[in-house]
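Notes follow once the structure below has been shown.
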Amino acid sequence: GKTEKCDRKIDLAVVLDVSASINFSLAKKFAKTLLRRFRISRDNVRVALVAHSESVKIYSTFEDDQEEEGLQRKVNNVFFEGSSTQTSRCLTILNSHLFAQESGSRIKESGKKVAVVVTDGFSFIGPGMVKLRADELKNRGIEVFAIGITKRMGDDELINLSSKPVQKHFLRLTDKDSIERISDNIVQEICK
């Protein structure tokens, strides 16, 4: 039922776009709802929290304290930057720095590695670069969900970002009513 938390062994990176074009409060609300669906601990779901616009700021790594309340607080503390979106740079950091042993990722162990990237798909450097960087992650077995927080264009980038099958990994967050449904979809996909 709704209250059961996913307690699989998963390294889950939640990545929030904090650029000017994004619906910021919706992105945060989604992140907080999603976190409630997991049993967060060192043994179960480890969560990392990253925000990006022009720069990339790591609010929490897989090595940091793994308890839900603290992570919810960190989501609250993510601040709005309002500059350009640099998705490809963010993906590089996820790949080289975050999904790595020194950041507490269980990269050598079994268990899933997942990145949930909330973005509006308007990257400063077009979709080609994003595809390249996203493929580097996916080739290491990291499952990528693209949460499009836009009703407009920008789809190419989000499709390039998503793992296959795209219809399960590219989800649209249009309003607060879609938050629960999208959280359900992600949990069903990675906890099965």
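At-a-glance table
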| quantity | calculated |
| --- | --- |
| Lysines whose Cα lies under 18 Å from that of LYS192, excluding same-chain neighbours fewer than 8 positions away | LYS2, LYS5, LYS9, LYS112, LYS113, LYS164, LYS168 |
| Ascending count of other beta-carbon atoms within 10 Å, so fewest first, for HIS169, HIS97, HIS52 | HIS97, HIS169, HIS52 |
| J(HN,Hα) series, region 45-61, from Karplus relation 6.51 cos²θ - 1.76 cosθ + 1.60, nearest Hz, glycine and proline x | 8, 9, 10, 10, 10, 10, 10, 9, 9, 6, 10, 10, 10, 8, 7, 7, 9 |
| Radius ratio Rg over Rh of the chain, counting only Cα atoms, Kirkwood formula for Rh | 0.92 |
| GNM top mover of ASP11, ASP120, ASP155 - the chain, alpha-carbon springs below 10 Å | ASP155 |
| Nearby aspartates and glutamates by direct alpha-carbon distance to LYS108 (threshold 14 angstrom, same-chain neighbours under 8 apart not counted) | ASP11 |
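Here, each number is a calculation from the coordinates, and none is a lab measurement. This is a predicted model, so every value here is computed, not measured. Glycine also receives a Cβ, built like all others from the backbone with ideal geometry; neighbour counts cover every protein chain displayed.
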